[in-house]
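Peer 1: Provided herewith is a single structure, encoded as structure tokens, for subsequent inquiry.
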Amino acid sequence: MKFFFHVGKYFKLLARVFGRPEKHKMYVRQLFHEIDSLGVNSVWIVIIISVFIGGIMTIQFAYSMSNPIYPHTLVGLGTRDTLILEFSSTILALIMAGKIGSNITSEIGTMRVTEQIDSLEIMGVNSASYLILPKIVAVVFIFPFLFIISVFFGLLGGLVTGSIAGVITIPHYIDGIQWLFYPYYVTFSLIKSVVFGFIVASVPAYYGYYVQGGALEVGTASTKAVVNTNILILLFDLILTRLLLT
Amino acid sequence: MIEVKNIYKSFEETTVLTDVSTRFEPGITNLIIGRSGSGKTVLLKSILGLYEIDQGEIWYDDRNLVEMPEKERKLMRREVGMVFQGGALFDSLSVAANVKFPLDMFTAMTSKEKQKRVEFCLDHVNIETQAFQLFPSEISGGMQKRVAIARAIALNPKYLFCDEPNSGLDPETATVIDKLIQSLTKEFNMTTIINTHDMNSVIEIGESVLFISKGEVCWQGTNKDILHTKNEKLNDFIFANKLYAQMRKEQS
């Protein structure tokens with residue numbers, strides 16, 4: 001019962017979020033701020049994680065395919081497809097739910113408990129729209145770019161680590177990442193990135209917007225937001241994979 | 001002028017306001033006093049429309065808030081300024097940007113005009129130019145309240161609401177804030193409603209005082225009559241502070 005209550009409240013909030021903005025100029029200004037704080041500030045962590053995961057995957061693929069009956073190109077192919085299909089879209093979204101999601105919940109939650117949201121409402125500002133819409137647009141916009149950056153640096157990490165560790169040669173690896181490439185995999189993952197971006201911004205915003213109490217409750221809401229965002233990402237990953245890939 | 005007529009408000013099983021009726025006049029400081037949990041904040045938020053009341057009428061001059069469509073309410077809120085207990089300044093904006101925010105959002109002023117208005121408002125609450133670019137976390141509690149007042153008057157409101165504006169401040173700063181609100185009320189002829197449980201404020205600026213107990217209006221008068229009232233509940237509230245008990249003794 002409580003589940004349906006939250007679902008209803010979430011969609012009611014979304015209806016307010018997509019209401020007509022009071023002044024477009026203010027929203028655009030806020031959007032650029034959010035792109036910078038939520039998106040651009042996440043680029044470094046995405047690069048670091050992707051380089052390491054790309055490298056680790058290459059070593060693991062090389063190890064499990066050390067039998068001479070497997071062609072060397074499988075290592076590059078495995079790394080590429082895992083990055084494109086799952087890591088750079090889904091796993092990255094799970095990581096970003098922790099970083100961006102908890103940031104959104106605590107920011108909006110703190111504004112709620114310090115009456116800043118009431119203050120906006122009394123001024124006649126649609127607080128849900130002003131605070132949440134720019135965040136959703138910013139995250140949905142930036143996620144596909146983060147996906148592309150992640151794939152690129154993941155492959156680069158695999159190339160560098162594989163050759164330094166001596167598990168695969170650079171020509172074999174490059175052959176592998178070009179072998180049996182289906183561009184549709186990229187399209188599929190870009191669609192997933194957009195959907196996950198929406199979840200990562202809107203679900204934590206919901207938890208922050210309706211928090212009641214003080215600092216302790218903001219912390220609890222932040223944890224709940226990350227957990228539920230992760231569950232929703234996995235659920236939608238399953239649904240989208242079933243719908244778009246099989 | 002703001003008038004509330006027979007308003008009732010409950011949350012689930014708990015009745016918070018029962019048959020509250022009163023009138024708040026412009027140009028004077030109207031205080032709502034009462035113990036914690038007496039229903040002051042619920043009354044204030046009900047008048048503001050942040051809580052939907054169960055029954056009754058709330059009149060802003062000749063407009064009934066209860067029957068107002070949401071769109072009209074939003075427009076009317078631009079005539080309202082509010083000073084929150086904690087200031088509620090936007091953390092991510094500087095002092096000047098906080099005051100400029102409602103101007104950016106709701107006016108078609110040029111940036112020069114906005115700048116002038118910001119300076120005017122901040123000057124009225126005695127904030128020095130050096131503090132304009134500071135962030136709320138970099139200024140004192142008293143200054144935060146003054147900036148909140150400046151933001152509240154930025155759009156030249158007809159109605160000003162203050163929820164415990166001097167809580168957490170030292171007595172001297174609290175008096176400065178009280179006097180500031182009173183002088184702005186007179187200067188701009190606003191209908192000002194102040195929610196407080198600070199007896200110093202009542203004595204200093206209580207030109208009209210409404211005492212609420214358990215969600216009901218128990219007493220209404222001015223700061224001049226409050227020390228001589230025979231209302232038991234009000235006496236229990238006021239003379240819980242020994243200083244005021246002493247004052248009454250000396251006066252009588």
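We did not get these values from a lab; they are worked out from the coordinates using the rules stated. What you see is a predicted model, and the numbers here were worked out from it, not measured in a lab. As a convention, Cβ positions derive from the backbone with ideal geometry for all residues, glycine included, and neighbour counts pool all protein chains shown.
Peer 1: Can you compute the helix-only [θ] at 222 nm over chain A? Use -39500 (n - 2.57) per DSSP H run of at least 4 residues, normalise by all residues, nearest 500 deg cm²/dmol.
Peer 2: Computed ellipticity for chain A at 222 nm equals -26000 deg cm²/dmol.
Peer 1: FRET efficiency for B:Asn64 and A:Ser37, Cβ-Cβ distance as r, R0 = 41 Å, nearest 0.05?
Peer 2: On the way: r = 43 Å, r/R0 = 1.04.
Here the calculated transfer efficiency is 0.45.
Peer 1: Which whole number gives the average count of other chain Cβ atoms within 10 Å of the Cβ atoms across peptide B:221-231?
Peer 2: That average works out to 0.
Peer 1: Once the Cα atoms of helix A:102-113 and of chain A are each reduced to a long axis, what angle between those two axes, in degrees from 0 to 90 to the nearest 10, is obtained?
Peer 2: 10
Peer 1: Pull out a ≥ b ≥ c, the square roots of the eigenvalues of the alpha-carbon gyration tensor of chain B, then state rounded if a/c is under 1.5, prolate if not and a/b is larger than b/c, and oblate in the remaining case.
Peer 2: Oblate.
Peer 1: If the limit is 26 Å between Cα atoms, which of B:Lys5/B:Lys214; A:Lys135/B:Lys45; A:Lys224/B:Lys74; B:Lys40/B:Lys74 go over it? Kindly include the intermediate steps, with their values, before the conclusion.
Peer 2: On the way: B:Lys5/B:Lys214 18 Å; A:Lys135/B:Lys45 29 Å; A:Lys224/B:Lys74 33 Å; B:Lys40/B:Lys74 23 Å.
Table pairs above 26 Å Cα-Cα are A:Lys135/B:Lys45; A:Lys224/B:Lys74.
Peer 1: Here's another thing I want to ask about it. Within 10 Å of each Cβ in peptide B:46-57, how many partner chain Cβ atoms are there on average? Round it to a whole number, please. Please list the in-between numbers first.
Peer 2: Details: counts 0, 0, 3, 2, 3, 0, 0, 0, 0, 0, 0, 0.
Shielding by partners across B:46-57 averages 1.
Peer 1: Obtain the nm distance between the two label points defined at B:Lys71 and A:Arg20 by a simple spin-label model: each point lies 7 Å from its Cα along the Cα-to-C-beta direction.
Peer 2: 0.7
Peer 1: Next question, about the same structure. Relative contact order for chain A using alpha-carbon pairs under 8 Å, separation at least 6, rounded to a whole percent?
Peer 2: 34
Peer 1: What FRET efficiency comes out for A:Ser66 versus A:Leu245 if R0 is 30 angstrom and r is the Cβ-Cβ distance? Round to the nearest 0.05.
Peer 2: 0.55
Peer 1: Looking only at region B:2-222, where both bridge partners belong to it, what percent of the DSSP beta bridges are antiparallel (to the nearest 5)?
Peer 2: In region B:2-222, approximately 50 percent of DSSP beta bridges are antiparallel ones.
Peer 1: Another question about this same structure. Sequence gap at least 6, Cα distance under 8 Å: using those rules, report the relative contact order of region B:2-222 to the nearest whole percent.
Peer 2: 32
Peer 1: On a C-alpha basis, how far is the centre of region A:122-171 from the centre of region A:56-101 in Å? Whole number, if you could?
Peer 2: Here the two parts' Cα centres lie 16 Å apart.
Peer 1: Rounded to a whole number of µm²/s, how large is the Stokes-Einstein D of region B:106-250 at 25 °C and 0.890 mPa s, given Rh as the Kirkwood radius over C-alpha pairs?
Peer 2: Stokes-Einstein gives a translational diffusion coefficient of 144 µm²/s.
Peer 1: Among DSSP bridges having both ends in the protein assembly as shown, what percentage is antiparallel? Round to the nearest 5.
Peer 2: Of all bridge pairs located within the protein assembly as shown, approximately 50 percent are antiparallel.
Peer 1: Take each of the peptides B:95-102, A:43-50, average the number of other beta-carbon atoms within 10 Å over its residues, and list them starting from the highest.
Peer 2: On the way: B:95-102: 23.0, A:43-50: 17.0.
The densest-packed peptide leads the list: B:95-102, A:43-50.
Peer 1: Across all directions of projection, what mean area in square nanometres is found for the Cα convex hull of region A:22-244?
Peer 2: 13.7
Peer 1: Mind checking the mean number of beta-carbon atoms from other chains within 10 Å of the Cβ atoms in A:112-121?
Peer 2: Mean partner shielding for this stretch: 6.
Peer 1: Can you grab the distance from the C-alpha centre of region B:72-131 to the C-alpha centre of region B:13-28, Å, no decimals?
Peer 2: 28
Peer 1: So if R0 is 45 Å, what FRET efficiency would A:Tyr10 and B:Gln246 give, r being the distance between their Cβ atoms, rounded to the nearest 0.05?
Peer 2: So the FRET efficiency works out to roughly 0.20.
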